[in-house]
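In what follows, a single structure is set out as structure tokens and then discussed.
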Amino acid sequence: NAGVTQTPKFRILKIGQSMTLQCAQDMNHNYMYWYRQDPGMGLKLIYYSVGAGITDKGEVPNGYNVSRSTTEDFPLRLELAAPSQTSVYFCASSVTTGSTEAFFGQGTRLTVV
Amino acid sequence: KQEVTQIPAALSVPEGENLVLNCSFTDSAIYNLQWFRQDPGKGLTSLLLIQSSQREQTSGRLNASLDKSSGRSTLYIAASQPGDSATYLCAGAGDTGRRALTFGSGTRLQVQP
């Protein structure tokens, strides 16, 4: 029972490099989210998707891009990495009806040097 | 814009004590409220979910309440144990289509043996 799976778990990037954080869920959830967590803080919403082909910005979208070509996958792309993007990134998913409980992946710890 | 505040930021108690963690939110139009546990360097584990129509939820030694009119939620932990040591996060899901969570900064709990 995988739930929400994120890869990689850790990554060090140099300033100006790009990378894609992968997120996959096997619960057939239509809603998916990307959050970032800075030290000692709560999580902030970067992007979200309400279904395949539909994405929208959250609170802190600058420097990131997303796509949602399938229900299962929701990758987050960092272009031209900056030290301010050093953070822990969490992917989450939920359904729109019923309990709407959000399920989270284990996170990707990214350091930009 | 929803804002979520958690008090206290840190708490240290002896084993066996009953304790209350507080969460307040500014916008009463929330869809649900979730409490999470986060261990150092780990992901988020969902503890309790309270729908907006509910007043409380219980799971084992945990009880969470929700008062939308006052903008408050509490997490009650009975007979605390050293294994309860972690950061506890509360998050409210907005009453709009995206259902994204707005997080507090967390309460860091240390239970002394």
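Scanning the stretch B:71-95 for residues being without any contact (Cβ under 8 Å) to a residue 40 or more places away in the chain and not in a helix (DSSP H, G or I) gives a total of 1. Summed over the stretch B:23-42, the residues that are closer than 14 Å to B:Ala91 by Cβ and either of a type outside the set (Lys, Arg) or touching a helix residue (DSSP H, G or I) at 6+ places or on another chain (Cβ under 8 Å) (or both) give a count of 13. Right, A:Tyr31: within 12 Å of chain B (Cβ to nearest Cβ), within 18 Å of B:Leu44 (Cα to Cα) and either touching a Pro at 6+ places or on another chain (Cβ under 9 Å) or among the aromatic types (Phe, Trp, Tyr) (or both) or not? Answer is yes for this residue. Among the strands (runs of 3 or more DSSP E) confined to the stretch A:50-110, the ones with at least 2 residues that are without any contact (Cβ under 8 Å) to a residue 12 or more places away in the chain and under 25 Å from B:Tyr31 (Cα atoms) are located at A:54-57.
Per the listing B:Gly41, B:Gly71, B:Gly83, the residue uniquely of a type in the set (Gly, Ala, Ser), more than 10 Å from chain A (Cβ to nearest Cβ) and on the phi > 0 side of the Ramachandran plot is B:Gly71. Name every residue in the stretch B:17-45 that is under 15 Å from A:Leu43 (Cβ atoms), within 12 Å of the chain's Cα centre (by Cα) and loosely packed, with under 15 Cβ neighbours inside 10 Å, in order of residue number. Across the stretch B:17-45, the qualifying residue is only B:Thr45.
Among the residues of the stretch B:97-113, those that are within 11 Å of chain A (Cβ to nearest Cβ), part of a loop (DSSP other than H, G, I, E, B) and surrounded by fewer than 21 Cβ atoms within 10 Å (Cβ to Cβ) comprise B:Gly97, B:Arg98, B:Arg99, B:Ser105. Considering the stretch B:46-68, and only residues there that are loosely packed, with under 13 Cβ neighbours inside 10 Å and part of a strand (DSSP E or B), the residue that is nearest to the other protein chains (Cβ to nearest Cβ) turns out to be B:Ser59. Among the residues making up the stretch A:1-52, those that are surrounded by fewer than 21 Cβ atoms within 10 Å (Cβ to Cβ) and charged (D, E, K, R) are A:Lys9, A:Arg11, A:Lys14, A:Asp26, A:Asp38, A:Lys44. Against the conditions (1) at pLDDT 95 or above; (2) closer than 22 Å to B:Lys1 by Cα; (3) touching a Gly at 6+ places or on another chain (Cβ under 9 Å), B:Thr87 satisfies every one except (2).
Within the stretch A:38-49, if we keep just the residues that are within 8 Å of chain B (Cβ to nearest Cβ) and in a loop (DSSP other than H, G, I, E, B), the residue that is farthest from A:Asn28 (Cα to Cα) turns out to be A:Gly40.
The values are calculated or read from the model by the stated rules, or taken from the named source; none is laboratory data. Values in this document were obtained by computation on a predicted structure and should not be read as measured data. All Cβ positions, glycine included, derive from the backbone under ideal geometry; neighbour counts span all protein chains shown.
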